[in-house]
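Following: one structure in structure tokens, then a few remarks.
The values are calculated or read from the model by the stated rules, or taken from the named source; none is laboratory data. Nothing here was measured: the structure is a model prediction, and the numbers come from that model. Glycine also receives a Cβ, built like all others from the backbone with ideal geometry; neighbour counts cover every protein chain displayed. Surface areas here come from the heavy atoms of the whole protein model, side chains and all, with no ligands, DNA or RNA. Shrake-Rupley method; radii C 1.70, N 1.55, O 1.52, S 1.80 Å.
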Amino acid sequence: RNKQTTFSITPGVRGAIADKWKYELSFNHSEYKARVKFPQIIAAKANALFLGAQQGIDDDSGYPSFNADPARLYKPVTLAEYNSIATYSVYNPKSWTDNLSATINTTELFSLPAGPVGFAAIAELGKQGYDLNPDPLALTDYYYGLKDSDGQGKRSHWAVGGELRVPVTSFLQVSGAGRYDHFKFAGSGIGKFTYNAGLELRPTKTLLMRAAYGTGFRAPDLHYVFTGPGNTHP
């Protein structure tokens, strides 16, 4: 059973400066919460039901030893027996994001013989965080076949960028953009500059050719940075 709640709000303002520049300022806050329930088998109770009382520790392997009746393993489990060894494991994960963004642009930064040069700039500032908030018992050997990992953390982020669009001739336009992103988390940080360039060639009114080259940067997901110890289930 999974119940999810999401909430997002983005107030902002937009307008013009001297009829030449347009601007937009906005703030976004988003939240995600969930309550996840799924049935799990309690290891100690299942061992007692199927294997009986523990007899001791095997000297050769170091594993617990039992004097189990093999026929019990082939006997159908009743509903009452299942309910006696099963329970619900409950997770309450959540995440949130705050981001402040400002943009400004103009279609006529200045004019060239082939036409006006367009320009746009952006600045961003924000924070985000998450908390898996798992069932504490799922982090131990309490359940059969389930031992999960925890994870929680937050980071801050800022970025600045700009873009130019330049008409070289009546049939050729070039564009270029650059952006720098910086993330700070767990006492350290990482930043990267990315860029792209493109051109548009229109030799006739009915033919348009485009070419572009760009670079990209993606910060690691929060869980890649803040995840707890991992587990396997052999």
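Can you list residue pairs whose Cβ atoms sit under 6 Å apart, with the first residue in region 6-18 being in a strand (DSSP E or B) and the second being of a type in the set (Lys, Arg) and open to solvent by 80 Å² or more (accessible area, probe 1.4 Å)? Count only pairs 6 or more apart in sequence or on different chains.
Partner pairs satisfying both residue conditions: ALA16/LYS22.
Within region 99-120, which residues are in contact (Cβ under 8 Å) with a residue 24 or more places away in the chain, in contact with a Lys or Arg (Cβ under 9 Å, 6 or more places away or on another chain) and surrounded by fewer than 15 Cβ atoms within 10 Å (Cβ to Cβ)?
GLU108
If I go through region 173-195 residue by residue, how many of them are open to solvent by 60 Å² or more (accessible area, probe 1.4 Å), closer than 24 Å to GLU163 by Cα and touching a Ser or Thr at 6+ places or on another chain (Cβ under 7 Å)?
The total comes to 2.
Looking at region 21-30, can you tell me whether even one residue there is free of Cβ contacts under 8 Å to residues at least 40 places away in the same chain and farther than 30 Å from PRO93 by Cβ?
No, that holds for no residue.
Among the residues of region 146-159, write down those that are touching a residue at least 40 places away in the same chain (Cβ under 8 Å) and either assigned to a strand (DSSP E or B) or open to solvent by less than 60 Å² (accessible area, probe 1.4 Å) (or both).
If the condition is that a residue be touching a residue at least 40 places away in the same chain (Cβ under 8 Å) and either assigned to a strand (DSSP E or B) or open to solvent by less than 60 Å² (accessible area, probe 1.4 Å) (or both), then LEU146, ASP148, SER149, ASP150, GLY151, GLN152, GLY153, LYS154, ARG155, HIS157 are the ones that fit.
Any residue in region 42-66 that's more than 30 Å from VAL90 (Cα to Cα): show its pairings with residues that are of a type outside the set (Val, Ile, Thr) and part of a helix (DSSP H, G or I) at Cβ separation under 8 Å, as long as the two are six or more apart or on different chains.
These pairs meet every condition: PHE66/ASN47; PHE66/LEU51.
Taking region 68-88 only, how many residues are surrounded by 10 or more Cβ atoms within 10 Å (Cβ to Cβ) and either farther than 30 Å from PRO134 by Cα or among the aliphatic types (A, V, I, L, M) (or both)?
7
Look through ALA123, ALA212 and report the one residue that is within 21 Å of THR97 (Cβ to Cβ), free of Cβ contacts under 8 Å to residues at least 60 places away in the same chain and open to solvent by 30 Å² or more (accessible area, probe 1.4 Å).
That would be ALA123, the only listed residue that is within 21 Å of THR97 (Cβ to Cβ), free of Cβ contacts under 8 Å to residues at least 60 places away in the same chain and open to solvent by 30 Å² or more (accessible area, probe 1.4 Å).
Look through region 160-171, keep the residues that are in contact (Cβ under 8 Å) with a residue 40 or more places away in the chain and either under 30 Å from THR204 (Cβ atoms) or in a loop (DSSP other than H, G, I, E, B) (or both), and return whichever of them is most open to solvent (accessible area, probe 1.4 Å).
Among residues in region 160-171 that are in contact (Cβ under 8 Å) with a residue 40 or more places away in the chain and either under 30 Å from THR204 (Cβ atoms) or in a loop (DSSP other than H, G, I, E, B) (or both), the one most open to solvent (accessible area, probe 1.4 Å) is SER170.
Has region 214-232 got any residue that is of a type in the set (Phe, Trp, Tyr), in a strand (DSSP E or B) and within 25 Å of the chain's Cα centre (by Cα)?
No; the residues of region 214-232 include none that is of a type in the set (Phe, Trp, Tyr), in a strand (DSSP E or B) and within 25 Å of the chain's Cα centre (by Cα).
For residues in region 126-141 being assigned to a strand (DSSP E or B) and touching a helix residue (DSSP H, G or I) at 6+ places or on another chain (Cβ under 9 Å), which is most open to solvent (accessible area, probe 1.4 Å)?
GLN128
So, ASN47, is that one in a helix (DSSP H, G or I), on the phi < 0 side of the Ramachandran plot and surrounded by 15 or more Cβ atoms within 10 Å (Cβ to Cβ) or not?
yes
Tell me, which residue of region 1-20 that is in contact with a Ser or Thr (Cβ under 6 Å, 6 or more places away or on another chain) and modelled with pLDDT of 95 or more is nearest to ALA86 (Cα to Cα)?
Only one residue fits best here, namely SER8.
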